[in-house]
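What follows is one structure encoded as structure tokens, with my remarks underneath.
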Amino acid sequence: MEFYSVVNTRRSIRKFRQEEIPSEILFRILGAGRAAPSASRPYEVSVVAVKDPGRRAALASLCNGQSFMASAPVIIAVCARNVKKNRGGYMGEYGMLVDGAIVADHIILAARAEGLATCWIGSFDNAGIKEFLELPRDINVVALTPVGYPADEGSFSQPENKKCFEEMVHFEKWQE
Ligand SMILES: Cc1cc2nc3c(=O)[nH]c(=O)nc-3n(C[C@H](O)[C@H](O)[C@H](O)COP(=O)(O)O)c2cc1C
């Protein structure tokens, strides 16, 4: 799928078909996350893919009861290790959130390229998920997404709800 079609037709989709994702496709989208740029060396982002139906339901309940997540055949949790140093920016320990967010976005866009629906999930119980997924103490959750085929293919053409280009983009300096 052409790159700009991928980015312009990605939508947060919350209804999924009961259809498995072939493993080679799942591996491809997870591999796209691996290709993301990162501030840390060694690389500190990891993903946990949850397929078991009971575990999906438990994970969804740890996302403030967003039960729609469990109806997708896979839920991906993107996690990152706390980093003590950064690359000279001001973000310090929060830099791991940036690294994790880029990985999550790569996965979400790759999923769209494969005809799969996703929904970035930022509302979750980090401590609860850490325990549930048995994450090491210094690793936290950055984002999750359910991944599956959309119940309605038309969801990809839902009207977008974005800032207009002129409002968002400035050339040379900020212009009111
Ligand atoms: C950091 C972040 C956290 C989000 N958390 C949730 C969430 O917990 N549950 C949910 O249904 N959608 C969540 N979303 C999805 C947004 O609601 C969605 O991206 C936004 O409404 C724009 O719609 P679009 O993704 O279809 O372009 C989140 C998105 C981001 C970027």
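The values are calculated or read from the model by the stated rules, or taken from the named source; none is laboratory data. Computed from a prediction, not measured in an experiment: that's the story for all the values here. Cβ: placed from backbone, ideal geometry, glycine included. Neighbour counts: every protein chain shown.
Here is a check on your reading of the model: is residue 116 out of contact with any Lys or Arg (no Cβ under 7 Å at 6 or more places or on another chain), at pLDDT below 95 and not acidic (Asp, Glu)?
no
For segment 135-176, which residues satisfy the criterion of being part of a loop (DSSP other than H, G, I, E, B), within 30 Å of residue 22 (Cα to Cα) and more than 12 Å from the ligand (Cβ to nearest atom)? Break it down into steps so the answer makes sense when it comes.
Our first condition is that a residue be part of a loop (DSSP other than H, G, I, E, B); within segment 135-176, this holds for 135-138, 149, 151-152, 158-164, 169-176.
Keeping just the survivors that are within 30 Å of residue 22 (Cα to Cα) gives 135-136, 149, 151-152, 158-160.
Within segment 135-176, 135, 136, 149, 151, 152 qualify.
Name, by its number, the condition in (1) modelled with pLDDT of 95 or more; (2) among the aliphatic types (A, V, I, L, M); (3) under 28 Å from residue 81 (Cα atoms) that does not hold for residue 39.
(1)
Yes/no matrix, rows are residues, columns are (1) over 17 Å from the mean Cα position of the chain (by Cα); (2) at pLDDT 95 or above:
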position: 81; (1), (2): no, no
position: 100; (1), (2): no, yes
position: 110; (1), (2): no, yes
position: 125; (1), (2): no, yes
position: 128; (1), (2): yes, yes
position: 133; (1), (2): no, yes
position: 152; (1), (2): yes, yes
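From the set of residues in segment 122-134 that are free of Cβ contacts under 8 Å to residues at least 60 places away in the same chain and closer than 23 Å to residue 108 by Cβ, which is nearest to the ligand (Cβ to nearest atom)? Write out each step before concluding.
Our first condition is that a residue be free of Cβ contacts under 8 Å to residues at least 60 places away in the same chain; within segment 122-134, this holds for 122, 126-127, 130-131, 134.
Okay, now just the ones that are also closer than 23 Å to residue 108 by Cβ, so 122, 126, 130.
Working: 122: 3, 126: 13, 130: 17 Å.
The qualifying residue nearest to the ligand (Cβ to nearest atom) is 122.
Considering only helices (runs of 4 or more DSSP H) fully contained in segment 1-118, which possess at least 2 residues that are within 16 Å of the ligand (Cβ to nearest atom), free of Cβ contacts under 8 Å to residues at least 12 places away in the same chain and surrounded by fewer than 19 Cβ atoms within 10 Å (Cβ to Cβ)?
Details: elements: 3-9, 23-34, 53-61, 95-113.
Per the criteria, 3-9.
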